[in-house]
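Take a look at the structure set out below.
The values are calculated or read from the model by the stated rules, or taken from the named source; none is laboratory data. Model, not experiment: these values are computed from the prediction. So basically every Cβ, Gly included, is an ideal-geometry build from the backbone, and we count neighbours across all protein chains shown. Side chains included, ligands, DNA and RNA excluded: accessible areas come from the protein's heavy atoms. Shrake-Rupley method; radii C 1.70, N 1.55, O 1.52, S 1.80 Å.
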Amino acid sequence: MNARVIASGVHQSAIHDSAARHVQGSALYIDDMKEPEGLLHGWVILSDRAHARILMLDLSSVEAAEGVVCVMTARDIPGLNDAGPIMKGEVLLADQIVEHEGQAIAIIAARSFAQARDAAKLVRVTYEDLPAYLTIEAALQAERFVVAPLHMQRGDAARAIAEAPHCLSGETSAGGQDHFYLETQIAVATPQENGEMHIFSSTQHPTEVQHIAARLLARPYAAITVEVRRMGGAFGGKESHASLIAGMAALLAARCGEPVKLRLSRDVDMLLTGKRHDTLARFSVGFDDAGRILGLDMMIALRAGHVADLSGPVLTRALCHVDNVYWLPNVKVSGYACKTNTVSNTAFRGFGGPQGMFAIEAVIVRIAERLGLSSEAVRQINHYGPGQDTTPYGQSIGENNTPRLLEELKTAADIARRRGEIAQFNASHPYIKKALVTYAVKFGISFNLPSLNQAGALLHVYTDGSVHLNHGGTEMGQGLYVKVAQIVASCFQIEREHVHISSTRTDKIPNTSATAASSGSDINGMAAKAAADIIKSRMAAIAAAKFGGAADDVVFSGGYVYLGNRSISFPDLAQLCWAERVSLSATGYYRTPDIHFDQASMTGSPFYYFSYGACATEAAIDILTGENRILRVDIIHDTGASLNPAVDIGQIEGGFVQGQGWMTMEELVWDQAGRLRTHAPSTYKIPTSRDVPPIFNTHLLADAPNAKPTIFRSKAIGEPPFTLAISCFLAIQEAVAAAAGWPAALTLCAPATPEAILRALGGGKEGSAFCEQKAAKKLF
Amino acid sequence: MNQFEYELAPNVENAVASGRSNGAVFLAGGTNLIDLMKGNLVRPTRLVDINRLPGLDRIEFLPDGGVRIGALVRNSDLAHDPKFARDFPAVAEALLSGASPQLRNAATVAGNVMQRTRCPYFYDAASACNKREPGAGCEARGGHSRLQAILGWSAHCIATHPSDFSVPLVAFDAVVEIDGPQGRRDVALEDFYLLPGNTPERETILAPGELIVAIRLPAQAALFAGHARYLKIRDRTSYAFAVVSAAAGLRIEGDRIVEARLALGGVALKPWRARAAEACLMGRRAGREEFAEASMLALQEARPSGENEFKIELARRLVVRAFERTAIDNTARLSPLPASIVNLTEEIQR
């Protein structure tokens, strides 16, 4: 038998399937597609009040404007005015009451984009303002929540704190974050015959777009087909909120009987769609002389915005990540999703996990400050270890890669030598202070809700040996399509150029989950493998019959199919299967095994496994201007047996820099009337290429196949590396401490913008004492 | 975008004649104008394309040591001209600290000087703005004001001028050469810009049809070549407008300053020349105390236009830093991150 194996299967650094086309401009995004004849352009009329009753909505001038074909309000929706992904009653178009600035109150279709946009300005609305709750604090006080508060508990936290040698209380906060995908939200809806509708939607969740469009149009799901070839970034922002845009386009298209494109401008995108939840955390912690946490009582409050959307699951994941890599023997965590009159916040890479992980670090540094220990020592002593390896929700952490990652990082990042250099530098430089922190993360992989962990795939083998691949996962630039193609290539043992990737469509794979929770390649890859295995077994039977042997002995390798010393090429066998009247098409299905979670008690094993990572991050601050730079980052990340090391390294670097933006510069500002003042890149700063750490070393943890039988023993990569960037905040905070002492540094909140750093250097406007006093009022 | 006529001007005379008509604007690099037109924030009825005007794309080093920069010289070409960067390092540094390489390749020097403010309320068609619509009001007041003015603002407008390039130009007495229906005239760049007062819609002294044909730096400016810097504080490492910036120049003889120059950016609707600060340094030592005194004078008239009081102290610190750097630096070389404060390579070398 020939031992040749293919060169373009799994574990290879394959280039992104569209990389060349991205560069050439020939990778088509929805707005690049040739416009059908008669295409109308949609636009949205937004509320300019945070909370008000609409007394009068006069659209007559809008309707009369040049080029306008139709204007629709809540009243004109044929089905239910409901775009809620989980909860009912989350209206698409405001009806009588507006609950945030930027909420859609009417939609327009016009002959041109400019006509639609200009006509929108002619609306006349009379409002009666209602009391607006804009902040987490205001909502907490009024006990306004979008879902019932969640409580997770193990042991007796109150007692452990009371009996501990030391205790303290504290508070921290982190801001929100706009997704800032390069391609703003867009959909093109085209009416078909018999009341059916085809929708191109830039969405991570075609099935949900299908369901919500059907609900709005009062049509069965089967009448709606949603298709997406690729998105220009999504990051969670196109998980539930893509349905708003696609739903509006579908309504307008159905009403006008013409195709309608709705593409949001950056400003409208930022006003109308949700962001990462900003967070407020308060805690009391009891600990011993060495800094070991004995009891922790924590409250985490998220700003949910005007409706629930995905805030419940986001909050669940936040609570499930408070532990990060730390053993918390007695712990109580309460979570509040605060209802505010701001845009409904939504999924964003990490999905609450980063917020929970950020909160525990505030506990760590306060313990270190109180005991006069290094924060590193306190982190170290609290790490999970043998016998102390169960999460607060009762799941065993399984293989624990943290010690190995941190050990390898010591050498890779040359930590001991650099710490000495930094101490020397800080002693001599008058106004630049540096700091180096090491930081480890653990991230749970799977949707928290077990039922979402399923996927489907569809494979056709044609008689020339080429393969058509389709699955329920969506491509948002992350490289999912190429990874699944590698998987199929490996299964059939044919080079990847023979595997043809096709757009995700609800009429090919039904009832899918969102491409989210880092699960894309895990579940869709498995589904594709399942489909390939079905077809392979049929082909093997034909080969066995031809060569006279057992199907079990048939081997697929290097483009050929072998039995003993006989072989046939893959295309020839495909042709033979056809001649023998054997189906070469199959669907594959996968459900993640061994996961369960009880939402009421907040216990279970919701995650199939954990992903680990560690980094050493060096930051510098200028104590006179507040400017900061991330100078060097060394990462070692656990990707199991990586499906595609190049794509994974790209995800790690991109995720880290996005997290760096969240922690250091991206700041959403609402004014006192609840109007978002940062809805364009002029006022909202994301990192640029020059903010990427000048020294940025990324390694994948070697020889660490997933202990769980995941697809080719790989691990998920989408979200975990984002959380490593919390280290940027921690390093800046240590640099502030180096300049002004820990009490000042503890007043620093995220994002650590230059102004926030200057404020902290000055001891904070409010001061840490004030924070603790506020915390004492508590909502535990 | 509105309908407009487009005209390619063959020479300055034709350009000036066409530029006089109502609603006409000149198009050079287009990096700012086209954005504004796309946003429907300006609605010219005629674009007079001046990109082909002969002779305006040259850098001429004058016999007396000054330089005459043609209006159409691209930002990158000027910044990377070896002689220009050597003689006028702070100007080159300012140019390279602005925008991105692609924009600098397209943008012209005259267009840079003519940039409109980046006030987010000016850019947001839904907000009231006296610049766009005189008398409409100024929503920036009481709004998100961290990037707004602390000097020379009025009740009608608190915007700032975004150009980095103009800041050292004002510090070093650049002159704008203007051609127009009434013939040629030279105007000091400092006087070229108008403060908002009651008429924020009027931003420069240019009359209809008047066209910048060149920008001159006098020979005197090159005397600062050994001690000149532009420093810029911004929200991220690159591709951001200044929160505050400073162009500083010193002429030092022995241990005494014989002449000082200082202009601030990001603080007013024009680059802010700080003459009192310059004067106080004459004949003094180049030391921190002296610079601190100069910084107080430079900002003595400053007052917040909103929640931006921090910019006053920040600008003072920047002035001290800029002079300190200027005193010790020979900027014949440009740092990899021009105008950056936290430039660790530079810091570690200190």
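Does residue B:262 qualify as being assigned to a loop (DSSP other than H, G, I, E, B), in contact (Cβ under 8 Å) with a residue 24 or more places away in the chain, in contact with a strand residue (DSSP E or B) (Cβ under 8 Å, 6 or more places away or on another chain) and not β-branched (Val, Ile, Thr)?
On the way: assigned to a loop (DSSP other than H, G, I, E, B): no; in contact (Cβ under 8 Å) with a residue 24 or more places away in the chain: yes; in contact with a strand residue (DSSP E or B) (Cβ under 8 Å, 6 or more places away or on another chain): yes; not β-branched (Val, Ile, Thr): yes.
Here the answer is no, as residue B:262 does not meet what is asked.
Filtering region A:583-639 to residues that are outside any strand (DSSP E or B), within 17 Å of residue A:320 (Cα to Cα) and open to solvent by less than 10 Å² (accessible area, probe 1.4 Å) leaves A:602, A:606, A:607.
When restricted to residues that are away from chain B (no Cβ under 14 Å) and surrounded by fewer than 24 Cβ atoms within 10 Å (Cβ to Cβ), region A:264-277 contains 1.
Each row is one residue, and each column tells you yes or no for (1) out of contact with any Leu (no Cβ under 6 Å at 6 or more places or on another chain); (2) within 14 Å of chain A (Cβ to nearest Cβ); (3) open to solvent by 10 Å² or more (accessible area, probe 1.4 Å); (4) aromatic (Phe, Trp, Tyr).
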position: B:67; (1), (2), (3), (4): no, no, no, no
position: B:101; (1), (2), (3), (4): yes, yes, yes, no
position: B:113; (1), (2), (3), (4): yes, no, no, no
position: B:130; (1), (2), (3), (4): yes, no, yes, no
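With respect to residue B:292, determine if the residue is surrounded by fewer than 17 Cβ atoms within 10 Å (Cβ to Cβ), closer than 24 Å to residue B:146 by Cα and within 14 Å of another protein chain (Cβ to nearest Cβ). The answer is yes for residue B:292. Does residue A:94 satisfy being surrounded by 23 or more Cβ atoms within 10 Å (Cβ to Cβ) and touching a residue at least 60 places away in the same chain (Cβ under 8 Å)? Considered against the rule, which asks whether it is surrounded by 23 or more Cβ atoms within 10 Å (Cβ to Cβ) and touching a residue at least 60 places away in the same chain (Cβ under 8 Å), residue A:94 comes out as no. The residue list A:359, A:368 contains one member that is within 23 Å of residue A:658 (Cα to Cα), of a type in the set (A, V, I, L, M) and modelled with pLDDT of 95 or more, which is A:359.
Scanning region A:189-207 for residues that are surrounded by fewer than 24 Cβ atoms within 10 Å (Cβ to Cβ) and farther than 22 Å from residue A:34 by Cβ yields A:194, A:195, A:207.
What tally of residues in region A:538-562 results from selecting those that are part of a loop (DSSP other than H, G, I, E, B) and over 29 Å from residue A:715 (Cα atoms)? Residues that pass the stated criteria total 4.
With respect to the conditions (1) buried (at least 19 other Cβ atoms within 10 Å of the Cβ); (2) part of a loop (DSSP other than H, G, I, E, B); (3) of a type outside the set (S, T, N, Q); (4) within 14 Å of another protein chain (Cβ to nearest Cβ), residue B:121 falls short on a single one, namely (2). The set of residues in region A:471-515 being surrounded by 24 or more Cβ atoms within 10 Å (Cβ to Cβ), β-branched (Val, Ile, Thr) and either within 20 Å of the chain's Cα centre (by Cα) or not in a loop (DSSP other than H, G, I, E, B) (or both) consists of A:474, A:482, A:484, A:487, A:488, A:499, A:504, A:512, A:515.
In a residue-by-residue description of region A:60-79, the property of being crowded, with 21+ Cβ neighbours inside 10 Å, out of contact with any Cys (no Cβ under 8 Å at 6 or more places or on another chain), of a type in the set (Val, Ile, Thr) and assigned to a strand (DSSP E or B) applies to at least one position. Scanning region B:39-82 for residues that are farther than 26 Å from residue B:173 by Cβ and small (Gly, Ala, Ser) returns a single hit, B:39. Of the residues in region A:707-727, not one is open to solvent by 40 Å² or more (accessible area, probe 1.4 Å), in a loop (DSSP other than H, G, I, E, B) and within 14 Å of chain B (Cβ to nearest Cβ). Residue count for region A:634-681 under the criterion of being more than 14 Å from every other protein chain (Cβ to nearest Cβ) and either over 30 Å from residue A:711 (Cβ atoms) or not charged (D, E, K, R) (or both): the result is 20. Determine, yes or no, whether residue A:373 is assigned to a loop (DSSP other than H, G, I, E, B) and surrounded by fewer than 20 Cβ atoms within 10 Å (Cβ to Cβ). Yes, satisfied.
Restricting attention to region A:728-755, the residues being in a helix (DSSP H, G or I), within 14 Å of chain B (Cβ to nearest Cβ) and open to solvent by 10 Å² or more (accessible area, probe 1.4 Å) number 3. For the condition touching a strand residue (DSSP E or B) at 6+ places or on another chain (Cβ under 7 Å) and either in a loop (DSSP other than H, G, I, E, B) or at pLDDT 95 or above (or both), residue A:535 qualifies. Close contacts from region A:578-606, counting a first residue that is within 28 Å of residue A:508 (Cα to Cα) and a second that is in a strand (DSSP E or B) and open to solvent by 50 Å² or more (accessible area, probe 1.4 Å), with Cβ to Cβ under 7 Å and a gap of 6+ residues or different chains, come to A:590/A:454; A:591/A:454.
Of the numbered criteria (1) part of a loop (DSSP other than H, G, I, E, B); (2) closer than 19 Å to residue A:83 by Cβ; (3) in contact with an Asp or Glu (Cβ under 7 Å, 6 or more places away or on another chain), the one residue A:243 fails is (1).
Being over 28 Å from the mean Cα position of the chain (by Cα), of a type outside the set (Val, Ile, Thr) and closer than 23 Å to residue A:244 by Cα holds for only one residue in A:63, A:37, and it is A:63.
The residues in region A:162-188 that are open to solvent by less than 20 Å² (accessible area, probe 1.4 Å) and more than 26 Å from the chain's Cα centre (by Cα) can be counted, and the count is 3.
For region A:316-353, a residue qualifies if it is of a type in the set (Gly, Ala, Ser) and either in a strand (DSSP E or B) or over 20 Å from the mean Cα position of the chain (by Cα) (or both), and the qualifying residues are A:334, A:335, A:337.
In region B:37-48, the residues that are within 12 Å of chain A (Cβ to nearest Cβ) and closer than 17 Å to residue B:5 by Cβ form Cβ pairs under 7 Å with partners that are at pLDDT below 95 and open to solvent by 30 Å² or more (accessible area, probe 1.4 Å), at six or more places apart or across chains, as follows: B:37/B:1; B:43/B:2. Screening the candidates A:430, A:392, A:386 for the property of being modelled with pLDDT of 95 or more and either open to solvent by 40 Å² or more (accessible area, probe 1.4 Å) or under 26 Å from residue A:701 (Cα atoms) (or both) yields one hit, A:386. Yes or no: residue A:399 in a loop (DSSP other than H, G, I, E, B), of a type in the set (D, E, K, R) and crowded, with 24+ Cβ neighbours inside 10 Å? Judged against the criteria, residue A:399 is not a match. List every residue pair whose Cβ atoms lie under 9 Å apart, where the two residues are 6 or more positions apart in sequence or sit on different chains, the first residue falls within region B:224-249 and is under 22 Å from residue A:691 (Cα atoms) and away from chain A (no Cβ under 14 Å), and the second residue, located anywhere, is among the aliphatic types (A, V, I, L, M) and part of a loop (DSSP other than H, G, I, E, B). The qualifying pairs are B:230/B:339.
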